[in-house]
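Step one of this worksheet: look at the structure below.
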Amino acid sequence: MTLGEWEYRTTHLPGSMRISTIEEVLEELDPNDEIILYDSGPGCPASRMALRTLKARGYGRVRRYAGGLEEWARVGYPLTGEGTV
C-alpha cells in the first residue's frame, strides 16, 4: 500500500504491507520480487509515483493495481483494518 500509516491501519487489502520510505523498500523488498502497488483509487497519484520510483531503482517486476481500495471494495473483495466491519 502506498498511502500513509493512518490509512493503512484503517483499511487495506488482506496480506498487504505498507512501506513508507524508499529506504524501507530497499531493506524489505528484493528487486526480483513481484510487487503490486495500490492506493485509494484511480484519482490518487501515490501508486503511480511509487511505481516510477521503484522502476528507476531497478525493480523490474513491479505493477500497479489502478483501481485501488475503491475498486476492491466496490466489487466486494475483503478488506481488513480498524475501519472495516
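The values are calculated or read from the model by the stated rules, or taken from the named source; none is laboratory data. Treat the numbers as computed from the prediction; the structure is a model and nothing was measured. Cβ placement follows ideal geometry from the backbone for every residue including glycine, while neighbour counts extend to all protein chains displayed. Note: areas computed on protein heavy atoms with side chains; ligands, DNA, RNA excluded. Shrake-Rupley method; radii C 1.70, N 1.55, O 1.52, S 1.80 Å.
Working only within segment 48-73, note down all residues that are of a type in the set (F, W, Y) and in contact with a strand residue (DSSP E or B) (Cβ under 8 Å, 6 or more places away or on another chain).
Result: Y59, Y65.
Can you pull out the residues in segment 9-37 that are of a type outside the set (G, A, S), under 10 Å from the mean Cα position of the chain (by Cα) and not in a strand (DSSP E or B)?
Within segment 9-37, the subset of a type outside the set (G, A, S) is 9-14, 17-19, 21-37.
Narrowing further to those that are under 10 Å from the mean Cα position of the chain (by Cα): 12-13, 17-19, 35-37.
Those that are of a type outside the set (G, A, S), under 10 Å from the mean Cα position of the chain (by Cα) and not in a strand (DSSP E or B): L13, M17, R18, I19.
Please enumerate the residues belonging to segment 59-85 that are open to solvent by 50 Å² or more (accessible area, probe 1.4 Å) and more than 17 Å from R9 (Cα to Cα).
G60, R61, R63, R64, Y65, E71, R74, V75, G76, Y77
Answer yes or no as to whether S40 is closer than 17 Å to E71 by Cβ, open to solvent by less than 80 Å² (accessible area, probe 1.4 Å), in contact with a helix residue (DSSP H, G or I) (Cβ under 8 Å, 6 or more places away or on another chain) and part of a helix (DSSP H, G or I). Break it down into steps so the answer makes sense when it comes.
Details: closer than 17 Å to E71 by Cβ: yes; open to solvent by less than 80 Å² (accessible area, probe 1.4 Å): yes; in contact with a helix residue (DSSP H, G or I) (Cβ under 8 Å, 6 or more places away or on another chain): yes; part of a helix (DSSP H, G or I): no.
No: the conditions fail for S40.
Quick test of your reading of the structure: P14 fulfils all but one of (1) open to solvent by 60 Å² or more (accessible area, probe 1.4 Å); (2) free of Cβ contacts under 8 Å to residues at least 40 places away in the same chain. Name the failing condition by number.
Tallying (1) open to solvent by 60 Å² or more (accessible area, probe 1.4 Å); (2) free of Cβ contacts under 8 Å to residues at least 40 places away in the same chain, P14 fails exactly one: (2).
Of the residues that sit in segment 17-34 and are in contact with a helix residue (DSSP H, G or I) (Cβ under 9 Å, 6 or more places away or on another chain), open to solvent by 40 Å² or more (accessible area, probe 1.4 Å) and free of Cβ contacts under 8 Å to residues at least 24 places away in the same chain, which one is farthest from P45 (Cα to Cα)?
M17
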